[in-house]
1. Suppose we keep only residues that are within 20 Å of Asp178 (Cβ to Cβ) and polar (S, T, N, Q) within the stretch 78-129. Which one would you say is surrounded by the most Cβ atoms within 10 Å (Cβ to Cβ)?
2. So, in the stretch 160-200, of the ones that are hydrophobic (A, V, I, L, M, F, W, C) and under 26 Å from Asp98 (Cβ atoms), which residue ends up modelled with the highest pLDDT?
3. From (1) at pLDDT below 90; (2) surrounded by 18 or more Cβ atoms within 10 Å (Cβ to Cβ), pick out the condition that doesn't hold for Gly136.
4. Where in the stretch 105-201 are there strands (runs of 3 or more DSSP E), lying fully within it, with 3 or more residues that are touching a residue at least 12 places away in the same chain (Cβ under 8 Å) and not β-branched (Val, Ile, Thr)?
Amino acid sequence: MGVRNLTEKRMRLAIRLLGAIKAATLFAVRRPKEAAIILLAAFLALTFWRLKRERGHAQELAAKLEGLPSDTKQVVTIYRNRVITKWRDGPTRVEYRDRYLPPEGKIEVVTKTDKHQNSPEIIIKDRGVTSRIGGGIVYAGAPLPLLDLKYAYWRRYSLTIGVTPRFGGAGMSRHIDDFTPFSNLELVGLLGTDWSGKSRFGLGLRTNF
């Protein structure tokens, strides 16, 4: 029974995949200009993401090779949404750490009064509660303006509540600054009910005001 259900699921998945390929092919044949623009945009986005990733690897390697001056115990560098920490762990050993800092987060530098000889502790607040009003556009059968409130975040992910002219509900968003140059832009999905009680789902983009 389990094998049969698994086979049926695979068959349904294959049918859906073939349907998506067919729809994409028909769209490319019927509207070649739009298809070419979409393909070019996807290629440019992928290229930008790969360049950004390789640049990040190069920066990480350079930071590791650079080391620290002999009279320095710790260095903290903030570059856009990255917090790079290097500290000395022994006479010649240097440790390195790179962490993501969301726009909702913050950095705290803590120095203990009874341990002032130690390096300050760097605390990165990359999760917690917040109250940031934002908005954007979601597609739910038609493009709809969105007004929402972000109330919790964890690294690139956040929880929101929002309302559109047709429905309102709860949503989840993700910063897309790891493959786009925009740090204040997020992909958002909103699930709720319209004014007649029917379930609605919208997918789009949002930003913090």
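The values are calculated or read from the model by the stated rules, or taken from the named source; none is laboratory data. Bear in mind the structure is a predicted one, so any value in this text is a computation, not a measurement. Cβ: placed from backbone, ideal geometry, glycine included. Neighbour counts: every protein chain shown.
1. Thr85
2. Among them, the one singled out is Met172.
3. So the condition that Gly136 fails would be (1).
4. On the way: elements: 106-110, 121-125, 127-139, 143-154, 157-163, 167-175, 186-194.
Answer list for the stretch 105-201: 127-139, 143-154, 157-163, 167-175, 186-194.
This table checks each residue for (1) outside the structural domain of Asp178 (by TED's automatic domain parsing); (2) of a type in the set (Gly, Ala, Ser); (3) at pLDDT 75 or above; (4) under 24 Å from the mean Cα position of the chain (by Cα).
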| residue | (1), (2), (3), (4) |
| --- | --- |
| Arg12 | yes, no, yes, no |
| Ile15 | yes, no, yes, no |
| Ala20 | yes, yes, no, no |
| Pro32 | yes, no, yes, no |
| Ala41 | yes, yes, yes, yes |
| Ala58 | yes, yes, no, yes |
| Ile78 | yes, no, yes, yes |
| Val83 | yes, no, yes, yes |
